[in-house]
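Report on the following structure.
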Amino acid sequence: MKRWSTPLAGSVKALAAAALVSVATAAGAVDANRLNNADKDPNNWLMYHGSYKAWHYSDLSQINAANVKNMRVAWVHTPSASKRGVQSFPLAVDGTLYYTSASGQVWALDGATGEMKWKYAAKLDQERSEGTFYNPYNRGIAIGYGKVYMGTTDGRMIALDAATGKVVWDKMILTVEGGNKGFTGAPVIVKDMVVIGSNGGELSGCCGPIFAVDANTGEVRWQFDTIGGDERSRASWGNDSWKTGGGGGWMTGTFDEATNSIWWGTANPAPDYDWAGEAWKTDGARPGDNLYSSSVVVLNADTGELKSWFQEMPHDAWDFDSAVGEFMSIERNGKRYMVHPNKGGIIFVYNADPANAPLKVENAYMLGKTYNYIKGVDAKSGQLIGRRELPEGKHTGVCPAIDGAISWNTGAYNPNTGLLYKVGQEWCFDIEVVKADPPPAFSGQAYFGASWTSVHPAGRKAFGHVSARDPISGKVKWEKEYKYPPLASLLSTKGNLVFVPGADGKFEALDARTGATLWQHNNGIGHHGGVISYTAGGKQYIAVVTGWGSHVAGNYCPLFGEPFCSMPTDAGQLMVFALP
């Protein structure tokens, strides 16, 4: 069946029986019950977001605000491949640390000593992998049922034996048909399935699929097409432009057990930039709203059917997509919210009940300070106010830059302080939109529709900040400015700490209550990956990945000069810290 054929209800292709299949689980292994309760298991870091609540919070306090000044390097691991840096999130299970590096390499290490237990290196289809902008990124793995699961840049899902690293199954999931390319984001285990989204926001492919595969066999259980998968979506793309529509859900979403729902963010439409300008509803490369690009989608976990959605950027004209997979589940006064950041610098606060279709926006507020692509956002509806369209053939200064006011890496929420900690990036770009003929449908070719250069905001140099705020109201308690915008994820802990991996190599611990810097270590190279906490042998550790060289990182040399112009882009490490 071609990917653009009429799908089953809810834009799902039910490629295998929907009935749940039991998954063999060894005693003490990570199973669905353990994953559902990961937020109550601070000794381990069992999934990309730490738990399904996606707080990026550790309830450990052996390392705390009073003694973090004594923290030292415990051990370091250097992977054999780290082109464009290490961008993954380590996972920790019962004293073993697992992480990935570039080109589909997986490592299992002793969490206390760093001694290698096993290594796996995927044999990739280099021609296919190198045909993407995302090679050789790998941003992480999932662990469960005695297996380690990884997506690859050539479109496969691989399951490894967690004890030995030997291949259990290796399945091609993404066919070339449809212009789909591969996976860079970490999968997430949901019940007895492994869920992962594909790349392709700026590629002329269709249809941004999100897959659920059987954890035991690797067979596809369901597929949700973010672009062109139902009539509502196709009707929002004039002239059948959905066939070159992009929209991949490339970052890691989450599972809400209470409603049996998967929450996922989707990427920008292709081309990134549309020459229609003010006439985008009826003219241009992709007339219309372009559902479900730059959107949040909520899916039935068992079938993949669409329950609800909200398009954060209707007809995204700026590449300010919603692919950030961070959906923080927060309860206040008996009401549950999902807090989701958008690349354009907006924090959307949703009612967590997917019975509302579209999703109900409870609040929306700006985290970014430097913006002119809109005048603002309506707090009650989440609708954009005062859109600024980009005219064809003219240089236009747009803020924030294509790299966004918010990057793909995550913030953190601390239930003790009640605060959301989040990085903001303040920069702009000069862009010229050009009228370009679309590539052949489903070809997967690059489809940008513009040329651009990153620039400083008017009157000052680009900068970044980490803020602490109420996640629901957006009220700021404190904020710390950074000369260079951080690009890595944050971690908060019960020890009243917030860990910030910096772009210039500095790794900091801040007081979660005040923002004061309590500790700093120079790791010698920038960060744009994950940071976690876990225990091994009863001792708390902090693990962070290092390395530099993504497309976003490439803008730092022309904007800031050194240390970025001489910073290597083929190096990185896993660095682990502890008290003496």
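Bear in mind that the values in this text are calculations on the coordinates, not laboratory data. Note that the structure is a prediction, hence the values are computed from the model and not measured. All Cβ positions, glycine included, derive from the backbone under ideal geometry; neighbour counts span all protein chains shown.
Fully extended, how many nm does the chain gain between ASP161 and LYS117 (0.36 nm per residue separation, minus their Cα-Cα distance)?
14.6 nm
Three principal axis extents, largest first, for the C-alpha atoms of the stretch 455-580, in Å?
47, 39, 22
Short version: what are the Cα gyration tensor semi-axes of the stretch 258-317, square root of 5 times each eigenvalue, largest first, in whole Å?
28, 9, 8
May I ask for the equivalent-ellipsoid semi-axes of the stretch 340-386, computed as the square root of five times each C-alpha gyration tensor eigenvalue and listed largest first in whole Å?
21, 11, 7
Sequence-distant or interchain residues sharing an amide H contact under 5 Å with TRP250, placed H: which?
Amide H neighbours of TRP250, under 5 Å, 5+ apart: ALA267.
Please give the FRET efficiency for ARG232 paired with LYS375, using the beta carbon to beta carbon distance and R0 = 22 Å, rounded to the nearest 0.05.
0.20
Obtain the nm distance between the two label points defined at GLU219 and SER451 by a simple spin-label model: each point lies 7 Å from its Cα along the Cα-to-C-beta direction.
Using points 7 Å along Cα→Cβ, the separation is 5.2 nm.
Could you calculate the contour length gain from GLN520 to ASP470, that is, 0.36 nm times the residue separation minus the distance between their Cα atoms, to one decimal place in nm?
Extra length from GLN520 to ASP470 when fully extended: 15.4 nm.
In bins 10 Å wide, starting from 0, what share of all Cα pairs of the stretch 532-573 does each bin hold, as a percent?
25, 35, 20, 17, 3
Under a crude label model (7 Å from the Cα following the beta-carbon direction), how far is CYS565 from ARG388 in nanometres?
2.9 nm
Counting residues in the stretch 28-116 as N, plug N into 2.2 N^0.38 Å and put the Cα Rg over that result.
Output field value: 1.19.
Just need the relative contact order of the chain here, percent rounded to a whole number, with Cα pairs under 8 Å and 6+ apart.
That works out to 16 percent.
Explain nothing, just compute: Karplus ³J(HN,Hα) = 6.51 cos²θ - 1.76 cosθ + 1.60, θ = phi - 60°, for every residue of the stretch 340-348 in order, whole Hz, x for Gly and Pro.
In residue order, the calculated couplings are 10, x, 10, 4, x, x, 9, 9, 9 Hz.
Please work out the ratio of the alpha-carbon Rg of the stretch 441-502 to 2.2 N^0.38 Å and round it to two decimals.
1.69
If I take the Cα coordinates of the stretch 192-251 and project them onto the principal axes, what are the three extents in Å, biggest first?
For the stretch 192-251, the Cα extents along the three principal axes come out at 42, 23, 14 Å.
Taking the Cα atoms of the stretch 399-480, report the difference between the largest and smallest coordinate on each principal axis, in whole Å and largest first.
53, 36, 18
Any idea what % of Cα-Cα pairs in the stretch 37-175 are farther than 19 Å?
Tail of the P(r) past 19 Å holds 55 percent of the pairs.
Which number comes out as Rg/Rh for the chain once both Rg and the Kirkwood Rh are worked out on C-alpha atoms?
0.93
Please list 3J(HN,Hα) in residue order for the stretch 207-221, calculated via the Karplus relation 6.51 cos²θ - 1.76 cosθ + 1.60 where θ = phi - 60°; whole Hz, with x for glycine and proline.
With coefficients 6.51, -1.76 and 1.60, one gets 9, x, x, 10, 10, 10, 10, 5, 5, 8, 10, x, 6, 5, 8 Hz.
Counting pairs of alpha carbon atoms under 8 Å apart in space and at least six apart in sequence, what relative contact order in percent does the stretch 250-388 give?
Answer for the stretch 250-388 is 18 percent.
Per residue of the stretch 355-366, in order, report the coupling 6.51 cos²θ - 1.76 cosθ + 1.60 (Karplus, θ = phi - 60°) as ³J(HN,Hα) in whole Hz, putting x for Gly and Pro.
With the stated coefficients, the stretch 355-366 comes to 5, 7, 9, x, 4, 8, 8, 8, 6, 8, 8, 8 Hz.
Could you state, as a whole-number percent, how many of the C-alpha pairs of the stretch 233-287 are farther apart than 17 Å?
Every Cα pair in the stretch 233-287 considered, those over 17 Å come to 49 percent.
As an exercise, take the mean of 1/r over every pair of distinct alpha carbons in the stretch 189-319, invert it, and state the Kirkwood radius in angstroms.
About 14.6 Å for the stretch 189-319.
How big is the Kirkwood radius of the stretch 261-401, worked out from every pair of different alpha carbons and given in Å to one decimal?
Hydrodynamic radius (Kirkwood, Cα only) of the stretch 261-401 equals 15.6 Å.
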